[in-house]
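Accompanying notes for the structure given below.
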Amino acid sequence: MAETIETLQKTSRVIQPSDSIKSGTYIQNYEQAYKQSIEDPENFWEGIAKELDWFSPWNKVLEWNYPWAKWFLGATCNISYNCLDRHTKSWRKNKVAVIWVGEDGQERIFTYAALHREVNKSANALKSLGLHKGDRVTIYLPKIPEQIFVMLACARIGLIHSVVYSGFSAPALQSRIQDAEARVVVTADLGYDRGKKIPLKTVVDEAVSNCPLVEKVIVVQREKGHFPLTAPKEIDWDEWVQGQSTDCEAIPLDSETPLYILYTSGTTGKPKGVVHVHGGYMVGTYITTKYVFDLKDEDVYFCVADPGWVTGHSYIVYGPLLNGATILTAEGKPDYPNPGRWWDLIEQYGVSIFYTTPTAIRLLMKYGEDWPKKYDLSSLKVLGSVGEPINPEAWEWFHRVTGGTKPIMDTWWQTETGMIMVTPLPSVPLKPGSATRPFLGVEADVVDREGKNTDHGGGFAVITKPWPSMMRTIYKDPDRYLLYWNTIPGVYTAGDVCHKDEDGYLWFMGRADDVVKVAGNRIGTAEVESALVSHESVVEAAVIGKPHPTAGEMIKAFVILKQGEHESTDLIKSLKDHVLRELGKIAVPREIEVVPSLPKTRSGKIMRRVLKAKELGQDPGDISTLEE
Ligand code: WTA
């Protein structure tokens, strides 16, 4: 660990914000604004909350009953009202809200008024199914506008959405539907991936075959008739919304009303359902989108995430719409049909804010600078990166090919935090590879296992005070929620290893736990292990993350085979196919090694740390607890 930190440190240079960026931005003096915000955080957050619309006011900003928080107590609001009605009641009514571009180049554009109508129709259609406030709806859609409609429609009438990334396979989808006890699943017949058709409907068929609580499956048919639907359970989206009124009042909800569940990986085999609520989440995503990206009405905002992950929730849907922004969202990969895809979209739509990932940047780097050079990227104003540490080399490339003057906001946060927590603002001096300093109102630190400040070397990233958009619990599993706050007593442990430099800049180095970040996607090693051991030829499995030049990390698995089984290319392929079927493409190990034994503690726990050190040719550290 110490070594990596040093390497990063040596490459760091400081990039000062240009005068033009500084003079036009909301927060021109970060130091002063930050100091003020944490002197009285409740006052700071209350001031932000007042920029939004509430049906009735709060009588208390925060109730902190460690580790349980409630924000804006007694207030009523609705995040969908703030994303839509707040704008349709203003001059923004006919402003473009969403520009969607399909993988095949198809374009669909919605103004705020049009989006409002679509959402209202979907909300009325949901009501027609007899759903009630608090019911769960699972959304398993490719990146198409209906995903946004149905999320906001749920929010509008107090339903809880659970979006599942459309790359997950049937068993993974099934366990998420079952845990949420969803009554309705919304899906599509097909997704597209580099021109290939991905049959989503078949995945849903398999998943719901074991979900007796699912009453209806709504299907967006992109190629009508591709899959015949079975009435009365399966309903075509168009027929479902047809004839529904374009009016539907957003219902006033207590600010602590759950808005969504989003499943994410942790240290156990079972994904956890992170719960976010209307009030605090709305305040946090609203202000971070505004300040971090310096979002103004004239901007065109392009975030490449998928709403299946938290970045899509907070920074495609909720944060930008709360701000009345014009959002560009595009289906498909950065290099399809060619590596100019995103640069082309930036030129065509005059994108000014571009929020992407280190993996995508490294992928585009491989194709060379000639690609971005072909396009006019002068509309860009602020850039962003998220999901994994960005290596200085990728940072510098991104900076250079976009003109050499646009600030890059390296934003650190998590599904659990709901909003960006550590990040530069456009006026803050940058160091390539560092997410710099905490956002206003956020107190972050680096500590050792006992919670003491670490002056040198790495430590654990922690958040020391509650913040409005923090998760409220883990769905049906409050004990797992408690773990975040009592692993290191008194503070929220993020699970990341981090280093704080002499300027107080934070350098996030990767996960401290058994979570691997493959292309920014969060995968629990335990989930992959349990998929592997469910294969008939495997007795035991251990999974680690290994550095990968493009994806940041890749999955490597070690397996012990059942007696009589022998290693072969076919067997390895069969193991990979099995993980593909159980979890999905993103979780398939790139490397599988057959081993006779695995390093274990005396109590039988596999020591992944030792495997990893061996694999990377490093010193495994303290191995006194090692049995074999
Ligand atoms: C990692 C994604 C370094 C980190 C928004 C965190 C980052 C995990 C950064 C959360 C960053 C996210 N620099 N690491 N800028 N952003 N991470 O829940 O390990 O999918 O704990 O949320 O991603 O992943 P999640």
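Overview of values
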item: Residue in region 312-333 that is over 24 Å from MET471 (Cα atoms) and without any contact (Cβ under 8 Å) to a residue 12 or more places away in the chain present; result: no
item: In region 251-273, the residues that are more than 16 Å from the ligand (Cβ to nearest atom), open to solvent by less than 10 Å² (accessible area, probe 1.4 Å) and touching a Lys or Arg at 6+ places or on another chain (Cβ under 9 Å); result: LEU253, SER255
item: Residues of region 275-285 satisfying the condition of being within 16 Å of the ligand (Cβ to nearest atom) and either assigned to a helix (DSSP H, G or I) or buried (at least 24 other Cβ atoms within 10 Å of the Cβ) (or both); result: HIS276, TYR281, GLY284, THR285
item: Failed item in (1) over 27 Å from THR202 (Cα atoms); (2) open to solvent by less than 10 Å² (accessible area, probe 1.4 Å); (3) part of a loop (DSSP other than H, G, I, E, B), with HIS132 passing the rest; result: (2)
item: Residues (in contact (Cβ under 8 Å) with a residue 24 or more places away in the chain and surrounded by fewer than 22 Cβ atoms within 10 Å (Cβ to Cβ)) located in region 572-581; result: SER574, HIS578, LEU580, ARG581
item: 2 or more residues within 16 Å of the ligand (Cβ to nearest atom) and open to solvent by 30 Å² or more (accessible area, probe 1.4 Å): qualifying strands (runs of 3 or more DSSP E) within region 506-571; result: 506-511, 538-548
item: Near pairs, Cβ below 6 angstrom, 6+ apart or cross-chain, from region 408-424 (over 10 Å from PHE439 (Cα atoms) and of a type in the set (D, E, K, R)) to any residue that is outside any strand (DSSP E or B) and near the ligand (Cβ under 6 Å from one of its atoms); result: ASP410/ALA435
item: Considering residues of region 450-471 that are modelled with pLDDT of 90 or more and more than 16 Å from the ligand (Cβ to nearest atom) only, the residue surrounded by the fewest Cβ atoms within 10 Å (Cβ to Cβ); result: GLU450
item: Search result, residues across region 189-210 that are within 13 Å of GLY167 (Cα to Cα) and part of a strand (DSSP E or B); result: LEU190, GLY191, TYR192, ASP193, LYS197, ILE198, PRO199
item: Sole exception among (1) at positive phi; (2) under 23 Å from the mean Cα position of the chain (by Cα) for MET554, by number; result: (1)
item: Residue in region 221-230 that is among the small types (Gly, Ala, Ser) and either touching a His at 6+ places or on another chain (Cβ under 7 Å) or within 24 Å of GLY102 (Cβ to Cβ) (or both) present; result: yes
item: Every residue from region 381-396 that is near the ligand (Cβ under 6 Å from one of its atoms), open to solvent by less than 30 Å² (accessible area, probe 1.4 Å) and more than 15 Å from PHE354 (Cα to Cα); result: GLU388
item: The lone exception for ILE488 - which of (1) modelled with pLDDT of 95 or more; (2) open to solvent by 50 Å² or more (accessible area, probe 1.4 Å) it fails; result: (2)
item: Set VAL588, VAL559: member being at pLDDT 95 or above and either under 29 Å from ALA305 (Cα atoms) or more than 32 Å from the chain's Cα centre (by Cα) (or both); result: VAL588
item: Test: residue in region 403-414 that is at pLDDT 95 or above, closer than 29 Å to GLN106 by Cβ and crowded, with 24+ Cβ neighbours inside 10 Å; result: no
item: Residue among LEU322, LEU363 that is of a type outside the set (S, T, N, Q), within 24 Å of the chain's Cα centre (by Cα) and either crowded, with 22+ Cβ neighbours inside 10 Å or within 16 Å of the ligand (Cβ to nearest atom) (or both); result: LEU322
item: Test: residue in region 326-349 that is open to solvent by less than 10 Å² (accessible area, probe 1.4 Å) and closer than 19 Å to ARG86 by Cβ; result: yes
item: Residues of region 288-299 satisfying the condition of being open to solvent by 20 Å² or more (accessible area, probe 1.4 Å) and over 20 Å from the mean Cα position of the chain (by Cα); result: LYS296, ASP297, GLU298
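Residues checked against (1) within 16 Å of the ligand (Cβ to nearest atom); (2) among the small types (Gly, Ala, Ser):
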| residue | (1), (2) |
| --- | --- |
| GLY340 | no, yes |
| ASP344 | no, no |
| PRO358 | yes, no |
| TYR367 | no, no |
| ASP370 | no, no |
| LYS373 | no, no |
| PHE398 | yes, no |
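For (1) at pLDDT below 95; (2) β-branched (Val, Ile, Thr); (3) in a strand (DSSP E or B), each residue gets a yes or a no:
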position: VAL214; (1), (2), (3): no, yes, no
position: PRO228; (1), (2), (3): yes, no, no
position: PRO232; (1), (2), (3): no, no, no
position: GLU239; (1), (2), (3): no, no, no
position: GLU249; (1), (2), (3): no, no, no
position: ILE261; (1), (2), (3): no, yes, yes
position: LYS270; (1), (2), (3): yes, no, no
position: THR288; (1), (2), (3): no, yes, no
position: GLU298; (1), (2), (3): no, no, no
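The values are calculated or read from the model by the stated rules, or taken from the named source; none is laboratory data. Note that the structure is a prediction, hence the values are computed from the model and not measured. Backbone-built Cβ (ideal geometry, glycine too); neighbour counts: all protein chains shown. To get the accessible areas, we keep the full protein, side chains included, count just its heavy atoms, and leave off ligands, DNA and RNA. Shrake-Rupley method; radii C 1.70, N 1.55, O 1.52, S 1.80 Å.
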